[in-house]
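*Asks:* Here's a structure for you.
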Amino acid sequence: MIPSNSHDSARPAADSVANAAEQALASTRRVAGEMRDAIGNSVDGVRDQAVPMLNRASDQAIAMAQHGVDVVRDTSRQWREQAQHASDRTVTYIREEPVKAMLIAATAGALLAALAGLVRRARHVD
């Protein structure tokens with residue numbers, strides 16, 4: 001058996017170790033809670049910064065897309081106007097010079113027919 005006075009002397013040491021363990025556990029819980037709060041605050045801060053940045057990026061993408069649509073629309077309008085102008089000039093030329101216009105059309109048609117014949121022959125040779 002263990003003498004009673006050695007048992008009594010071990011008890012304060014055990015109590016001291018238990019108290020130290022409880023203090024360490026409480027300290028660890030406190031530090032873990034502080035870290036959790038700090039991480040939560042960091043995540044909130046990042047989210048608060050990210051949302052406006054994403055909104056700006058979205059607005060810029062929409063503005064760029066709208067600019068692209070406007071450019072295509074303007075270019076299309078210019079091409080239509082140029083095509084209409086060329087058509088008007090052609091009609092005017094045909095009215096003013098019908099014989100020349102017929103000769104030019106016949107020559108262009110003959111050249112296109114000859115070119116089509118060459119292309120057909122080249123395909124059949126391959």
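*Asks:* Checking residue 107 against (1) modelled with pLDDT under 95; (2) surrounded by 10 or more Cβ atoms within 10 Å (Cβ to Cβ), which single condition isn't satisfied?
*Replies:* Failing condition for residue 107: (1).
*Asks:* Follow-up. Just need a number here: residues in the stretch 9-48 that are exposed (fewer than 10 other Cβ atoms within 10 Å of the Cβ) and either at pLDDT 80 or above or among the acidic types (Asp, Glu) (or both).
*Replies:* Number satisfying all stated conditions: 1.
*Asks:* Any idea which of 77, 56, 89 is surrounded by 10 or more Cβ atoms within 10 Å (Cβ to Cβ), under 33 Å from the mean Cα position of the chain (by Cα) and modelled with pLDDT of 90 or more?
*Replies:* Just one listed residue meets the conditions, 77.
*Asks:* Further, regarding this structure: Output the number of residues of the stretch 99-122 satisfying the condition of being of a type outside the set (Ser, Thr, Tyr) and more than 50 Å from the chain's Cα centre (by Cα). Spell out the reasoning first.
*Replies:* Our first condition is that a residue be of a type outside the set (Ser, Thr, Tyr); within the stretch 99-122, this holds for 99-106, 108-122.
Within this subset, residues satisfying the condition of being more than 50 Å from the chain's Cα centre (by Cα) are 99-106, 110, 114.
Within the stretch 99-122, residues that are of a type outside the set (Ser, Thr, Tyr) and more than 50 Å from the chain's Cα centre (by Cα) number 10.
The values are calculated or read from the model by the stated rules, or taken from the named source; none is laboratory data. All of these numbers come straight from a predicted model, not from anything done at the bench. With ideal geometry, Cβ positions are generated from the backbone for all residues, glycine too; neighbour counts draw on all protein chains shown.
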